[in-house]
Structures are given as C-alpha cells and as structure tokens.
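What follows draws every value from the coordinates through simple rules; no lab data is involved. The shown structure was predicted, so the numbers you read here are calculated from the model rather than taken from an experiment. Neighbour counts run over all protein chains shown; Cβ positions are idealised from the backbone, glycine included.
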Amino acid sequence: MYIATTNNFHYENILQCLEHGKHVLCEKSMVLHTRQAEEVFALAREKGLFLMECMWVRFLPKIQKVKEWVETGRIGKLKCAQGNLGFYAGKDLTTRAYNPALGGGSMYDLGVYLIEVLGYFATEPLTQVESTVVRAPTGVDETASFLLRYGDYLVDGQCSVGTALPEEGYIALRERLHTGGRVELYDKSGRLVEEYVQEDVNGFIYQVREAVRCIGAGLLESPTVPHSMTLECCRVFEQVLGA
C-alpha cells in the first residue's frame, strides 16, 4: 500500500494497513514523533511486513553517485554540507503547510529532505542538534534553521514555507574570497542575469583603504565593519561554544 495522505493521518493509516497484512510505502514525513515510528516499525516486524518512508531522493542515481564520491574520498573526509529548501505557501493559514492539525510546518514538509538526504552521507551517528525557528501565527514552524553533528561532519540546513529558497534569486561568490574572481546574480529560475568580475589583487587592500579613510575623517569605527558586528559575533561564539 502507498500512503499519500496528509502528515497527520500517516500514523493511523500505517497501523490500519499493517493490521490488514499490507506492505507499506508511506510518504514523508512518515510520522510526527519517535514513539509513533517505534510503534509502527515494531508492528511491521511482528507482522513480517515491509514498511518504508518514501524518501525517494536517496535512490536517485545522482545521489548514489555523490555517495560513491564521498565514500571513495574524492573530496577528502566530509566535514560540512549545507542545504536549503523553501517555497511560498501563500497567505491562507488553513492550508496543509500552516495547519497544525494536518501536520503542517517547514520541517515536516521540507526539512525532512535535508535531514534524511544530507544525513545519508554521514559515517557516524547523530550526536548533536541545534536549531532556531520562526513560527507562523498558527504555531507551526514557518522557517527553521538547524545544525546537525555526525562526528566531525556538520549539516547546516534551512527550510521555509513562507518564502522560496532561494527567494527571487541568489548570488554566488566564485573562487577564493581574498583574491579576484566573480560574483554572479541569478534569477529565481536559475538564469544568470548579471556578473561582476573583481580585479585580481590582494583582497586585504580594501580594508586598509577603509582604515585610512576613517582615520583621516576622524571616525572611531567603520560603518561597514562597526564595533557592534564584532560584539554580536562574540556573543554567538559564546552561545555556540559555551565559552
């Protein structure tokens, strides 16, 4: 049986199918709580039935190729992965995306892909989870950002039902930051619409010019890199590192 109901019905539907002796493929997110997952998997084992969440992306040939590259050390030991998924679900808070009674929210709808696909490349178990959430008026997570740790491998993910990710487009910085190179502007369809090529000079020269300008103007801090930026960064360090 293939279950494609809204998230809130999955647990009940899975139990019904298993009780009637049916093998089950269930859409993501398969269930909403660990307790429910443990229960349905236990019942499937008891009944001798197949049960799987429909994480179709893991089976794509390109994902299998990425896993092969990672496992054979083509990019060295994997340390970091980053992903974002988002779409604008509209303003109607009664829809599936925003309705808590239907299992709404960005994590159940989109974050599941980032966790279950990027986590696929991990070679060690998940040991740490950190997150921050922006909630919709209905209480569901409209936008979420999370950091997962699998040994030395960190997964950084963002998901949203309140905005497309990328939104109206995105900007890509090419080459190393401290040398010359390109910045590219893409529209929401992924089309390159503009690019800027920086001359190939030592990137540190620009901050020296700013320091000279500020000193000459009698300024005590730069409006581009103000004291508040450094203070805020230190507070983040303290929260993240427990320092």
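Please give the strands (runs of 3 or more DSSP E) falling wholly within region 1-94 in which 3 or more residues are in contact (Cβ under 8 Å) with a residue 24 or more places away in the chain and closer than 30 Å to Gly169 by Cβ.
Where strands (runs of 3 or more DSSP E) fall fully within region 1-94 and carry at least 3 residues being in contact (Cβ under 8 Å) with a residue 24 or more places away in the chain and closer than 30 Å to Gly169 by Cβ, they are 80-88.
Of all residues being of a type in the set (A, V, I, L, M) and more than 24 Å from Thr72 (Cβ to Cβ) in region 116-138, which is surrounded by the most Cβ atoms within 10 Å (Cβ to Cβ)? Just the residue, please.
Checked region 116-138; the qualifying residue surrounded by the most Cβ atoms within 10 Å (Cβ to Cβ) is Ala136.
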